[in-house]
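Here's the structure we're looking at; comments come further down.
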Ligand SMILES: [Zn+2]
């Protein structure tokens, strides 16, 4: 991982060493001693061999966040599940009373703020700048989730029914990540050719999810004598957490 280092003079930092594969870009303080300070962030685009402006902030640290930044969906879902954790793929934006408003959205939420202009995230960044994790009318809220990773739960299961339920839950992770990817892709490129993969991915995910629901019901019946148990929301959040991690590990978020 490239690290930030002070440049040749005060007021500039580079991410990694220029000319190397790790190089990510730089931030520079505006000249002229403005108050508050203004820092501009530029990201290196290796494919174009050029820097692109990606953000403006009042501290070097915030500006650094914009370079190779990670952008998450800004939709607040509810008190149980908190903010949407999926990668942002588009920006909805409008100008209201002279001020530009914008919201970063994942594929699933790309229909929110209907009527606002819809721009792919990288295009918005190079035109208006974008700082990751800007306050979203307050801070990002992630309610705590007190469940072990699914792989661990499988190993620790004390009955066959419990083990099967965890395995079925684990089998939802990848299809959910794929479905999120294709929803995002379709939100960015709403073409007929992308509709097929999206609905296939949705079918795979639905089947895996239904199977997990069934196995959970079996587990609750066999081990606890409870009939018709529904999958608890925390279990769905656990699957989502692992699917988000899976999607990010594949760098397929966009
Ligand atoms: Zn979302």
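The values are calculated or read from the model by the stated rules, or taken from the named source; none is laboratory data. Note that the coordinates shown come from a computational prediction; the quantities given were computed from them, not determined experimentally. Counting neighbours? That spans all protein chains shown, and the Cβs are built from the backbone with ideal geometry, glycine included.
Some observations on this one:
- Members of segment 1-37 that are closer than 21 Å to residue 128 by Cβ, surrounded by 12 or more Cβ atoms within 10 Å (Cβ to Cβ) and modelled with pLDDT under 90: 30, 37
- Filter result (touching a helix residue (DSSP H, G or I) at 6+ places or on another chain (Cβ under 9 Å) and surrounded by fewer than 18 Cβ atoms within 10 Å (Cβ to Cβ)) within segment 109-119: 111, 119
- Selected residue [in contact with a strand residue (DSSP E or B) (Cβ under 8 Å, 6 or more places away or on another chain), surrounded by 13 or more Cβ atoms within 10 Å (Cβ to Cβ) and over 21 Å from residue 77 (Cβ atoms)] from 188, 163, 174: 188
- Filter pass, residue 187 being in contact with a helix residue (DSSP H, G or I) (Cβ under 6 Å, 6 or more places away or on another chain), under 28 Å from residue 91 (Cα atoms) and touching a residue at least 60 places away in the same chain (Cβ under 8 Å): no
- Just so you know, in segment 64-105 the residues that are part of a loop (DSSP other than H, G, I, E, B) and near the ligand (Cβ under 10 Å from one of its atoms) include one that is surrounded by the fewest Cβ atoms within 10 Å (Cβ to Cβ), and it is 75.
- All told, residue 126 meets the bar of being away from the ligand (no atom under 15 Å from the Cβ), farther than 16 Å from residue 185 by Cβ and either buried (at least 18 other Cβ atoms within 10 Å of the Cβ) or over 16 Å from the mean Cα position of the chain (by Cα) (or both).
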